[in-house]
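**Student:** Got a structure here, written out as structure tokens. Questions coming.
The values are calculated or read from the model by the stated rules, or taken from the named source; none is laboratory data. Since the model is a prediction, treat every value here as computed from it, not as a measurement. Cβ: placed from backbone, ideal geometry, glycine included. Neighbour counts: every protein chain shown. What goes into the accessible areas is simple: the full protein's heavy atoms, side chains included, and nothing from ligands, DNA or RNA. Shrake-Rupley method; radii C 1.70, N 1.55, O 1.52, S 1.80 Å.
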Amino acid sequence: MNGKKNGLTYADAGVDIDAGNALVERIKPLVRSTRRPGADAEIGGFGGVFDLKAAGFKDPLLVAANDGVGTKLRIAIEAGRHDTIGIDLVAMCVNDLVVQGAEPLFFLDYFATGKLDPEEGAAIVAGIADGCRQAGCALIGGETAEMPGMYADKDYDLAGFAVGAVERGQLLPTDDIVEGDALLGLASSGLHSNGFSLVRRIVEKSGLELGGKAPFASDRTLGEALLEPTRIYVKPVLHAIKDTHGIKALAHITGGGFPDNLPRVLPHDYAAEIDLEAIDVPPVFSWLARTGGVAESEMLRTFNCGIGMVAVVAAGQAAQVAAVLKQAGETVMPIGSVVSRRDAGVVFRGTIDW
């Protein structure tokens, strides 16, 4: 010993390597729970491996998507509820894969925080693993970053990355969409993960607390109701695609609502005509519209308003596709049809009953 004071450590700078290692050990069983053909879902290496042949694919195209959950994270942080936000993270990615007919194969996450709390981190990863099981994909890796100075101690951010596969020739949308094709709406579970900057402004305007009773769901707190996780449509939709061969296109209704998302899957010469009166709107949207004084056009471009996924289906197969989806647990609403495009890519009829 020379009597000199010890120098600074990484922990002194705010980064706890031991906490990171503890988190990895806690989440290993959660990760293993997402095993599927093609991946053993073991973590700890420098990269994840997936075997397409073992997954049963012969001539696949790979489809990739990445996303986050936006300022819904702020609700989770302020409400102190971290167990479902991971489901949202997976959902926002895998729902974007299935609209192209792809089966999600594996998922990776990025979790950045100001101060790593292994218990909180484990709750977040538990939600991610739950979402992966719902989607049938393996959680094969991820990154945890403790970044003091970038984030406040309780703040964190999430990003997700998903890869799926579809056999060559089965990619959606198909090239045979025609006028008269039916539009089937699949019910959302609520807000999903879009529009939360506006949601938070409306909550602030209302003067309500996240821990208080939700005015539109008396059996839950406002925070719990707003954190209802995004519905994952993967397994029912893949089932309907394979069993009916009647789905021509799918649109994930996220930010931008119907006006921005439906035209993305339709040929330029066609538009989607939506019957707003056919949509069964969940109470959360009615509360937001009334409390915030939000115009219908703004609601329709900000939120899903009760429809999280739209399927474009040959008119003669609409009943068959709807029946298969319902049997798989989906709530299905016929909401319109494909028409010749005159101006806008989406045309609305009627009004929503808020």
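**Student:** Out of PHE258, PHE348, which single residue is open to solvent by less than 40 Å² (accessible area, probe 1.4 Å) and in contact (Cβ under 8 Å) with a residue 24 or more places away in the chain?
**Tutor:** Result of the check over PHE258, PHE348: PHE258.
**Student:** Further, regarding this structure: Name the pairs whose Cβ atoms lie under 8 Å apart, with the first residue in region 303-320 and within 27 Å of VAL199 (Cβ to Cβ), the second among the charged types (D, E, K, R) and surrounded by fewer than 20 Cβ atoms within 10 Å (Cβ to Cβ), and 6 or more positions between them or separate chains?
**Tutor:** That search, which allows pairs on different chains as well, returns GLY306/ASP280.
**Student:** Filter region 212-239 down to the residues that are farther than 19 Å from LEU73 by Cα, part of a loop (DSSP other than H, G, I, E, B) and of a type in the set (Ser, Thr, Tyr) and list them by number.
**Tutor:** Matches in region 212-239: TYR233 only.
**Student:** Could you grab me the full set of residues in region 109-158 that are part of a strand (DSSP E or B) and surrounded by fewer than 18 Cβ atoms within 10 Å (Cβ to Cβ)?
**Tutor:** Scanning region 109-158 gives TYR110, ALA112, GLU143, ALA145, PRO148, TYR151, ASP157.
**Student:** Tell me which helices (runs of 4 or more DSSP H) are completely within region 240-347 and hold 1 or more residues being among the aromatic types (Phe, Trp, Tyr) and under 20 Å from the mean Cα position of the chain (by Cα), or say none if there are none.
**Tutor:** Correct list: 257-261, 283-292.
**Student:** Would you please list the contacts, defined by Cβ atoms under 8 Å and residues six or more apart or on different chains, that run from a residue in region 273-302 that is more than 17 Å from THR254 (Cα to Cα) and among the hydroxyl-bearing types (Ser, Thr, Tyr) to a residue that is at pLDDT 95 or above and open to solvent by less than 20 Å² (accessible area, probe 1.4 Å)?
**Tutor:** Note: pairs meeting the criteria are THR291/ILE202.
**Student:** Just to be sure, is ALA328 within 20 Å of GLN100 (Cα to Cα) and open to solvent by 20 Å² or more (accessible area, probe 1.4 Å)?
**Tutor:** When the stated conditions are applied, ALA328 passes them.
**Student:** Still on this model: Could you say which residue among ILE202, ILE279, ILE241, ILE232 is touching a Phe, Trp or Tyr at 6+ places or on another chain (Cβ under 9 Å), surrounded by 16 or more Cβ atoms within 10 Å (Cβ to Cβ) and on the phi < 0 side of the Ramachandran plot?
**Tutor:** Step by step, each of ILE202, ILE279, ILE241, ILE232 is checked, and only ILE202 is touching a Phe, Trp or Tyr at 6+ places or on another chain (Cβ under 9 Å), surrounded by 16 or more Cβ atoms within 10 Å (Cβ to Cβ) and on the phi < 0 side of the Ramachandran plot.
**Student:** Let me ask something else about it. Could you list, in sequence order, the residues of region 94-122 that are modelled with pLDDT of 95 or more and either in contact with a Gly (Cβ under 6 Å, 6 or more places away or on another chain) or closer than 19 Å to GLY44 by Cα (or both)?
**Tutor:** Within region 94-122, LEU97, ALA102, GLU103, PRO104, LEU105, PHE106, PHE107, LEU108, ASP109, TYR110, PHE111, ALA112 qualify.
**Student:** May I pose another question? Hey, any hits in region 194-213 for a residue that's more than 23 Å from the chain's Cα centre (by Cα), farther than 22 Å from ALA315 by Cβ and at pLDDT below 95?
**Tutor:** no
**Student:** Also, quick follow-up: I need a count of the residues in region 61-80 that are under 30 Å from LEU171 (Cβ atoms) and among the charged types (D, E, K, R).
**Tutor:** Number satisfying all stated conditions: 1.
**Student:** Any chance region 57-69 includes a residue that's assigned to a helix (DSSP H, G or I) and under 16 Å from the mean Cα position of the chain (by Cα)?
**Tutor:** No, the conditions are met nowhere in region 57-69.
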